[in-house]
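No value in this document is a laboratory result; all are computed from the given coordinates. Predicted model only: the values in this text are computed from it and were never measured. Here Cβ is always computed from backbone atoms with ideal geometry, including for glycine, and neighbour counts include all displayed protein chains.
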Amino acid sequence: MDSTWRDEANRYDRMLGGFGRQALAASGLGPGDRVLDVGPGASDQPIELARRVGSTGRVVAVELDADLADVGRRRSTAAGFPDVEYVVGDIAEVGLDRASFDVVVSRFALMLTDPTTTLPRLAAALAPGGRIAATVWQIAERNAWFTLPLEIVADVVAGFGSAPPDAPPFRLADDAVVEGHLGDAGFVDVRIDSLVQPVWLGADVGDVIDFFERGAGELRSAFDDASWSRVREAAQRRLAPFDGPDGIRVPAAAWLITARRA
Ligand SMILES: C[S@@+](CC[C@H](N)C(=O)[O-])C[C@H]1O[C@@H](n2cnc3c(N)ncnc32)[C@H](O)[C@@H]1O
């Protein structure tokens, strides 16, 4: 995971929090529940979970990236929830006691795992009747937060790649496939709802350009300063139409997956 997920945790919370809160609402999570968060990164979602389950509940956060887990753990502690349990490891491998959770949630992480391994493990970790509520991205073409940076570079470098359909964020973009995986894993009452809402990227055009630039990584070093200035000008043009009263919001679409263990 690139370092922007660590350094920009607050930004990602604002970008993704609306989707995440809809999943938490759909999960029916409440006081006393034992909840597992898959791939929380450095996000504030475990804090929100701890708030909702209260002192009689339990929050376990399984995160692959030790640095992100470390930031997340510090954020949870600083927010007054030192009991959130961070487990560093792969959700496909970490020890999960059978029937030990009431709810599994995940905000934009399931598509980064192999669903044929992960979903049966999550079903087994849920108590009978336990629920899963997770968000994954719909196809790239419905998610301008992903396609815009590519289009911006393509304005300067003709033929610069478009989004490959199997790019990691979109590996569960086919809702029929997701439904099949959930059924195979033993989930019932499967629902896959479309969430279409603009995602906030930053306070203004300059803020978003700087954010994109920090995320550009090695791509930046492939450009000399003059060409990169043209990329930044293209970004100004492409982002301007999305400038609104509270900053830059661009189109985004996710699936809200809910299901129950039989
Ligand atoms: C796109 S980020 C989302 C982070 C966070 N849920 C949020 O909404 O801000 C995906 C997260 O899933 C984690 N992840 C990916 N594969 C994983 C796996 N197999 N087991 C546990 N975590 C995983 C990544 O390290 C990353 O933190």
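For the stretch 15-58, what are the residues that are outside any helix (DSSP H, G or I) and under 16 Å from the mean Cα position of the chain (by Cα)?
To start, the set of residues in the stretch 15-58 that are outside any helix (DSSP H, G or I) comprises 28-44, 54-58.
L36, D37, V38, G39, P40, G41, A42, S43, D44, listed by residue number.
Which residues, counting only those in the stretch 224-241, are free of Cβ contacts under 8 Å to residues at least 40 places away in the same chain, of a type in the set (A, V, I, L, M, F, W, C) and either part of a strand (DSSP E or B) or surrounded by 15 or more Cβ atoms within 10 Å (Cβ to Cβ) (or both)? Give the steps one after another, and end with the answer.
Just the residues of the stretch 224-241 that are free of Cβ contacts under 8 Å to residues at least 40 places away in the same chain, to begin with: 224-226, 228-229, 232-233, 236, 240-241.
Cutting the leftovers down to of a type in the set (A, V, I, L, M, F, W, C) gives us 226, 228, 240.
Matches in the stretch 224-241: W228 only.
Give the residues of the stretch 64-111 that are under 23 Å from A25 (Cα atoms), surrounded by fewer than 19 Cβ atoms within 10 Å (Cβ to Cβ) and either within 13 Å of the ligand (Cβ to nearest atom) or in contact (Cβ under 8 Å) with a residue 40 or more places away in the chain (or both), sorted by residue number.
Within the stretch 64-111, S100 is the sole residue that qualifies.
So the check is Cβ under 6 Å with 6+ separation or different chains; which pairs have a first residue in the stretch 17-32 that's closer than 17 Å to S55 by Cα and a second one that's surrounded by fewer than 16 Cβ atoms within 10 Å (Cβ to Cβ) and not aliphatic (A, V, I, L, M)?
Listed by first residue and then by second, the contacts come to P31/G54; G32/T56.
Within the stretch 117-128, can you find the residues that are more than 19 Å from Q138 (Cα to Cα) and either touching a residue at least 60 places away in the same chain (Cβ under 8 Å) or more than 14 Å from the ligand (Cβ to nearest atom) (or both)?
Within the stretch 117-128, the first condition is being more than 19 Å from Q138 (Cα to Cα), and the residues that meet it are 117-118, 120-128.
The answer is T118, P120, L122, A123, A124, A125, L126, A127, P128.
Among the numbered criteria (1) assigned to a helix (DSSP H, G or I); (2) surrounded by fewer than 18 Cβ atoms within 10 Å (Cβ to Cβ); (3) touching a residue at least 60 places away in the same chain (Cβ under 8 Å), which one does G183 miss?
The one condition G183 does not meet is (3).
Would you say A61 is within 13 Å of the ligand (Cβ to nearest atom), within 15 Å of the chain's Cα centre (by Cα) and in contact (Cβ under 8 Å) with a residue 12 or more places away in the chain?
Working: within 13 Å of the ligand (Cβ to nearest atom): yes; within 15 Å of the chain's Cα centre (by Cα): yes; in contact (Cβ under 8 Å) with a residue 12 or more places away in the chain: yes.
Yes; evaluated as a whole, the condition is true for this residue.
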